[in-house]
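The values are calculated or read from the model by the stated rules, or taken from the named source; none is laboratory data. Keep in mind the model is a prediction, meaning the values are calculated, not measured. As a convention, Cβ positions derive from the backbone with ideal geometry for all residues, glycine included, and neighbour counts pool all protein chains shown.
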Amino acid sequence: MIEVDLGRTVEFRGVVRVERTARGWLPRRLSEEAFQRLPDRFMRAAVGQSAGIRLAMRTDATRMRLRVAAMKMVENPELPLPEAWYDVTVEGQVIASASSDVGSRYLFSFESSIEGIVPGPDSELEFELPGGGERELEIWLPYTDEVEVLGLWADRSVLTPEPSGRLRWLHHGSSISHGYNSSRTTTTWPVVAARLLGLDLTSFGFSGNAMLDQMTARTIRDTPADLITLKLGINVVNGDAMRLRVFRAAVQGFLDTIRDGHPTTPVVVISPVCCPPVESCPGPTVFEEGREPQWVTTAGRPEEIAAGKLSLGVIREELAAIVEARQVEDPFLGYLDGSRLYGPEDAVRLPMPDNLHPDDAVAELIATRFAELVRWPGAEEPAQA
């Protein structure tokens, strides 16, 4: 097997930057400045995970071996680690997969003060690659893990990939975009949509942390893009994190910051997909006590809406109004009602496993509808959905 020069030959895609470590390469989805401003350990874990990140190369290899040091967020050091899947794709189609259930543990729990990192062993993934001839490969890292890439070997030479030539799509969203409940990165809805539309995805899907944070907006502002989509609102309701007045100002500031770096890039604001317990009730969302498997409900009450608390219905109305008002001066801004991607009828016909997060089937439905509904013209014309 031939060792691949990761620093010269492999292109890390879906990243903002790549850190050179003592042992290897650590891809990141936030700028270094943003990392210094993270508000808590939960966001640190979410933004460190590898949603949408892949290694791109050109090769005629039939076998490859990848060595990584992976870390997964778990509630305590005794829990076994679930399998994390690594997929190899050619032209968006999965041709090989391998999984690992070992690595380090990032200890975090909302219910206790447990914290720390428990070191674990490295993983080696073996891929048998069918077909022949030189082709462009991408190895997708698991969205569940922070992955330090230590080494790559192939039975034939590996070359630098050709430029993708695809439009650069930046997408920001919650765990629904990050991938919670998806079986692997390649089945998360933004990745499926990117394949359907032929886009080069960088995912700013941050589980539990799509909170209109300025460090996220500044990273998006400074990252090259041909299209930006912002799926906003569900985490604000999940955490009962804002009232209406603060939400309005936060959305405006988030868009202002992005526009500082992308004055004419098409931006589409997407409101939340259907989540039955908080359609007309505010959050916070909670897991229903004693129910297995986990089922999401809300601790909020409808009458609290009058006091400024936020339901998904309120958020959809507000986002639509904000976009409509800004379009007078910003013809490159569009809006998509998230309930068109997954609505109340879908929730009855194809319910999410925990009443909040899509599995692979729901993610595919969302991606397919996104590909059908979202339209953006060239940079000199307005974006519209």
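The table below lists the values:
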{"item": "Count of residues meeting criterion [modelled with pLDDT under 85 and either of a type in the set (A, V, I, L, M, F, W, C) or under 21 Å from the mean Cα position of the chain (by Cα) (or both)] in region 110-119", "result": "2"}
{"item": "Cβ pairs under 8 Å, 6+ apart, first in region 2-14 and touching a residue at least 12 places away in the same chain (Cβ under 8 Å), second acidic (D, E) and assigned to a strand (DSSP E or B)", "result": "R13/E138; R13/D200"}
{"item": "Residue check, P272 under 20 Å from P353 (Cα atoms), touching a Leu at 6+ places or on another chain (Cβ under 6 Å) and modelled with pLDDT of 95 or more", "result": "yes"}
{"item": "Qualifying positions in region 33-50 - closer than 16 Å to E148 by Cβ and not hydroxyl-bearing (S, T, Y)", "result": "F35, R44, A45, V47, G48, Q49"}
{"item": "Selected residue (only one of L107, L81, L129 is within 20 Å of D5 (Cβ to Cβ) and buried (at least 16 other Cβ atoms within 10 Å of the Cβ))", "result": "L129"}
{"item": "Some residue of region 354-361 being more than 21 Å from the chain's Cα centre (by Cα) and assigned by TED's automatic domain parsing to the domain that holds R243", "result": "no"}
{"item": "Strands (runs of 3 or more DSSP E) enclosed by region 24-81 - at least 1 residues per element that are farther than 30 Å from L129 by Cα, not assigned by TED's automatic domain parsing to the domain that holds N235 and not aromatic (F, W, Y)", "result": "63-74"}
{"item": "Residue ID - surrounded by the most Cβ atoms within 10 Å (Cβ to Cβ), chosen from residues in region 290-327 that are within 16 Å of V251 (Cβ to Cβ) and of a type in the set (V, I, T)", "result": "I315"}
{"item": "Hits in region 344-367 (condition: hydrophobic (A, V, I, L, M, F, W, C) and either surrounded by fewer than 18 Cβ atoms within 10 Å (Cβ to Cβ) or not in a loop (DSSP other than H, G, I, E, B) (or both))", "result": "A347, V348, L350, A361, V362, A363, L365, I366, A367"}
{"item": "So Y143, is it among the hydroxyl-bearing types (S, T, Y), assigned by TED's automatic domain parsing to the domain that holds A22 and closer than 30 Å to G165 by Cβ", "result": "yes"}
